[in-house]
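Trainee: Would you mind keeping the following structure in view while I ask a few things?
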Amino acid sequence: MLRCDLPYRQLRASGPPFPGAAARDREGLQQAAEAMREITPDYVMLGGHSYGGRQATLLAAETPAVADTLLLLSYPLHPPRKPEQLRTQHFPQLRTPALFIHGTRDPFGSIEEMTAALAAIPAQHHLVAVEKAGHELGAAAAAVILREAECFANA
């Protein structure tokens, strides 16, 4: 497993991503996936939390071979209290199997909204709801994430 910070996070420890820097962040994910492919050529799971997961889906929609599966924690379906601003335009282009793990109290999208949005993904996908978890998911979700990621990878 390789954990890395996106380029914007390497430049500053806190705060939101830089406007207009998403392409650079996807390049960082591409480099991380390539590094993992050198270590484990047969299987790469790429993902991220929130914005990082969104960038992983955008990269996979552009470059399907970047990873064998996606692990998406708290996908930011829309900004809080703005359900009309969906971040799903690229979902119909996703050909990479994707596992979404999402809290039932996440203000970036309800489980019902996620279920409806994920129907646009033609690739295999699965949504796991973490009861009483918000956008941060929390330490209690770690066991769920590990178990579900292993099961999804072996499916």
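The values are calculated or read from the model by the stated rules, or taken from the named source; none is laboratory data. All figures in this text were calculated on a predicted structure; none of them were measured in a lab. No Cβ is skipped: glycine too gets one built from the backbone with ideal geometry, and neighbour counts run over all protein chains shown.
Trainee: Could you check how many residues of segment 36-50 are part of a helix (DSSP H, G or I) and either touching a Phe, Trp or Tyr at 6+ places or on another chain (Cβ under 7 Å) or exposed (fewer than 13 other Cβ atoms within 10 Å of the Cβ) (or both)?
Mentor: Residues that pass the stated criteria total 2.
Trainee: Now a separate question. If a residue has to be within 28 Å of residue 62 (Cα to Cα), out of contact with any Leu (no Cβ under 7 Å at 6 or more places or on another chain) and assigned to a helix (DSSP H, G or I) to count, how many in segment 146-155 make the cut?
Mentor: So the count comes out to 4.
Trainee: Collect the residues in segment 115-147 that are within 14 Å of residue 71 (Cα to Cα), crowded, with 16+ Cβ neighbours inside 10 Å and either in contact with a helix residue (DSSP H, G or I) (Cβ under 7 Å, 6 or more places away or on another chain) or among the basic types (Lys, Arg) (or both), keeping them in residue-number order.
Mentor: 125, 127, 128, 129, listed by residue number.
Trainee: Within segment 118-137, does at least one residue satisfy the condition of being part of a helix (DSSP H, G or I), within 20 Å of residue 55 (Cβ to Cβ) and either of a type outside the set (A, V, I, L, M) or touching a Phe, Trp or Tyr at 6+ places or on another chain (Cβ under 8 Å) (or both)?
Mentor: Pass one, segment 118-137, residues part of a helix (DSSP H, G or I): 118.
Still in the list and also within 20 Å of residue 55 (Cβ to Cβ): 118.
Still in the running and either of a type outside the set (A, V, I, L, M) or touching a Phe, Trp or Tyr at 6+ places or on another chain (Cβ under 8 Å) (or both): 118.
Yes.
Trainee: For residue 115, indicate whether it is part of a loop (DSSP other than H, G, I, E, B), among the hydroxyl-bearing types (Ser, Thr, Tyr) and touching a strand residue (DSSP E or B) at 6+ places or on another chain (Cβ under 9 Å). Lay out the reasoning, then the answer.
Mentor: Details: part of a loop (DSSP other than H, G, I, E, B): no; among the hydroxyl-bearing types (Ser, Thr, Tyr): yes; touching a strand residue (DSSP E or B) at 6+ places or on another chain (Cβ under 9 Å): yes.
The answer is no for residue 115.
Trainee: In the set 77, 86, which member is aliphatic (A, V, I, L, M), surrounded by fewer than 17 Cβ atoms within 10 Å (Cβ to Cβ) and in a loop (DSSP other than H, G, I, E, B)?
Mentor: None of the other options fit; the residue is 86.
Trainee: Going through segment 3-32 one residue at a time, which ones are within 15 Å of the chain's Cα centre (by Cα), in a loop (DSSP other than H, G, I, E, B) and either surrounded by fewer than 15 Cβ atoms within 10 Å (Cβ to Cβ) or modelled with pLDDT of 85 or more (or both)?
Mentor: 3, 5, listed by residue number.
Trainee: Moving on to the next point. Only one residue in 65, 60 is aliphatic (A, V, I, L, M), within 28 Å of residue 119 (Cβ to Cβ), more than 14 Å from the chain's Cα centre (by Cα) and not in a loop (DSSP other than H, G, I, E, B), so which one is that?
Mentor: It is 65.
Trainee: When you look at residue 93, is it out of contact with any helix residue (DSSP H, G or I) (no Cβ under 7 Å at 6 or more places or on another chain) and within 21 Å of residue 55 (Cβ to Cβ), yes or no?
Mentor: No.
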